[in-house]
Each structure stands twice: as structure tokens, then as C-alpha cells.
Ligand SMILES: Nc1ncnc2c1ncn2[C@@H]1O[C@H](COP(=O)(O)OP(=O)(O)OP(=O)(O)O)[C@@H](O)[C@H]1O
Ligand SMILES: [Mg+2]
């Protein structure tokens, strides 16, 4: 949502030097249907922040936004974008947060990555979501645009609790969205019709974990993100399918050889 002009009409994003509360705009770093994210300078604390400015569509939404942002500000986890401050100016609400130098998970996914690297990134996002859930917060609309892969290699989940209120929102709905994004990262396409193509996913253990995270019945999903993460970690550290198959094949070959040798020796 762009800045509102005095007549309440949506205008262009703010120019460099404009102020929002105590924040001085430096440049636009991104925008979406709901808000504009700026790099801004906190004049009081003399630090650079990411400032997300959104229209306050209803008092209830503003109330919830403020409450969740306060809860986020109390959360301190390296896989969550730190929230510093929230406020309102005119018809708009803003949230000042840690400015992450890097790219979104959507951008990161645009180039191919080896399976262990993909799992490593998603395990970090999983830890961030788990920490938010532990604090009683849900993301509400987990998507690759809300995950920032820092140039420092740290993955941070942002916008926790900033999505529109949704009757279905909850930790297991977050889990479903997380699984859908991981499925897309692994196969190159989002899951269709609430079903996944197991043939498209290897190893099989990962296919099973994804099927569970994407189960239409929330009760069939993992108990929580930590359990999901545990399974992904097991996939990451388990030998790959082909090595297991190779191992089995060589074991069978060895057994056959022993039988032949024993038979020859006995004759
Ligand atoms: N803390 C941050 N640090 C650096 N860049 C950020 C930060 N938060 C957001 N961005 C950038 O701003 C862009 C827009 O973010 P924004 O949250 O407004 O949009 P979105 O995630 O696409 O949609 P939504 O409004 O549904 O969350 C992001 O894609 C990202 O590139
Ligand atoms: Mg976002």
C-alpha cells in the first residue's frame, strides 16, 4: 500500500528524506499489495532499519497488528527478523525491524541448489517458525517472500503475525504453508490440488515428510514444527537413497559370492 496523501488517496512511495515518525526514509527496498518496505534511518537510536508502512484498514486489524508486533519485539531468535518498534501515523501503521542484507527465499529459489543446501535453509526457517509458535504467535501466511536469506548465511522469517486474520490460521496451517514452499523448492513447482507427486521427490523419506506436512487433515500433520524439523534433519544426515540401494546391492553381491565360494570349496 502506498503512502496516503491528505485526501486519503494512495500516492507514490515516499521520497528519500521524508519522515515517518522518527524514521527518515533512505530508499525503497520492496513493496507488495499491503505495504512498502523502506531502508530508513532511526534518528533517535542512530541506526538503519527496515520500515514497513501499511494502511490501517480497520481498528481491529490495527489492534491485532500492534499486539503481535509487540509480541514479536519480545522475541529474540536468530531465525526471526527482529522487530524494534511499531507505530501509527495518520491512516498508516508502521513496523521498524532489522534490515536484512540479502535476498528473499523466492529469489534464492530461482537458482538451483543442492538438496543439502535446500534442507539447510529450510531447517533454519523451520527453527524460526518453531520459536514464533513457542511464543504463541503464528505467521498466518508463510511464503517465500517473507523469508530472508541473509548474505551472512542466516535465514530469517519475517512478517510473523502481520497477515490478515484468517479463521484457519494456526501453527499447523503454518506447517502446511512451510511444506508447500519446501515442496516447490525441491520439485520446482508448488503442490497442486492439495496433493503431491511422490515420484517427483527424492529421497523417499523427504517425500513422506512432505506428504505429512501437506496432509489435508491438520491432525495428520506433524505435532509441531520441531517434529517436522527433526524429520528434515534426519533426511539431511541419512545416506542418500542411491547409496542405500548401492549398499544393499553390494551386500547381496557379496552374499552370492560367499555362497558360490562355499559351494566350490565343498565340491
Ligand atoms: N526486514 C527486511 N529487511 C530487508 N528487506 C526486507 C525486509 N522486509 C521486507 N523486505 C523486502 O521488502 C519486500 C516486500 O516485503 P513485504 O512484506 O511488504 O511484501 P510481501 O512479503 O511480498 O507481501 P506481504 O505484504 O503479504 O508480506 C520483500 O520481498 C523483501 O524484498
Ligand atoms: Mg512480507
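Quick one: the Cα spread of region 139-180 along its three principal axes, in angstroms, biggest first?
Result, largest extent first: 36, 20, 13 Å.
Hey, how many Å between the Cα centroid of region 193-215 and the Cα centroid of region 112-160?
Centre-to-centre (Cα) distance: 19 Å.
Name all residues of region 81-114 having a backbone nitrogen under 16 Å from the label point set 7 Å from the Cα of residue 151 along its Cα→Cβ direction, giving them as ranges.
Residues 99-104, 108 qualify, since their backbone N sits under 16 Å from the label point.
For an R0 of 45 angstrom, estimate the FRET efficiency from the Cβ-Cβ distance between residue 12 and residue 200 and round to the nearest 0.05.
Values: r = 43 Å, r/R0 = 0.96.
The computed FRET efficiency comes out at 0.55.
Binning at 5 Å from 0, report for region 74-142 what percent of all alpha-carbon pair distances ends up in each bin.
So the P(r) values, bin by bin, are 3, 13, 19, 22, 20, 13, 7, 3, 1, 0.
Between residue 223 and residue 45, what is the spin-label point distance in nm, taking each point 7 Å from the Cα along the Cα→C-beta axis?
According to this spin-label approximation, the distance is 3.7 nm.
If you take the alpha carbon radius of gyration of region 19-97 and divide it by 2.2 N^0.38 Å, what ratio comes out, to two decimals? Working shown, then result.
Details: Rg = 12.1 Å, N = 79, 2.2 N^0.38 = 11.6 Å.
The value comes to 1.05.
Could you give the spread of the C-alpha atoms of region 142-212 along their three principal axes, from largest to smallest, in whole angstroms?
Dimensions of region 142-212 along the principal axes of its Cα atoms: 36, 35, 18 Å.
Considering the Cα trace of region 102-242, what is its radius of gyration and what is Dmax, both in angstroms?
According to the Cα coordinates of region 102-242, Rg and Dmax are 14.0, 45 Å.
Since every read-out is calculated from the coordinates, none of them should be taken as a lab result. All of these numbers come straight from a predicted model, not from anything done at the bench. All Cβ positions, glycine included, derive from the backbone under ideal geometry; neighbour counts span all protein chains shown.
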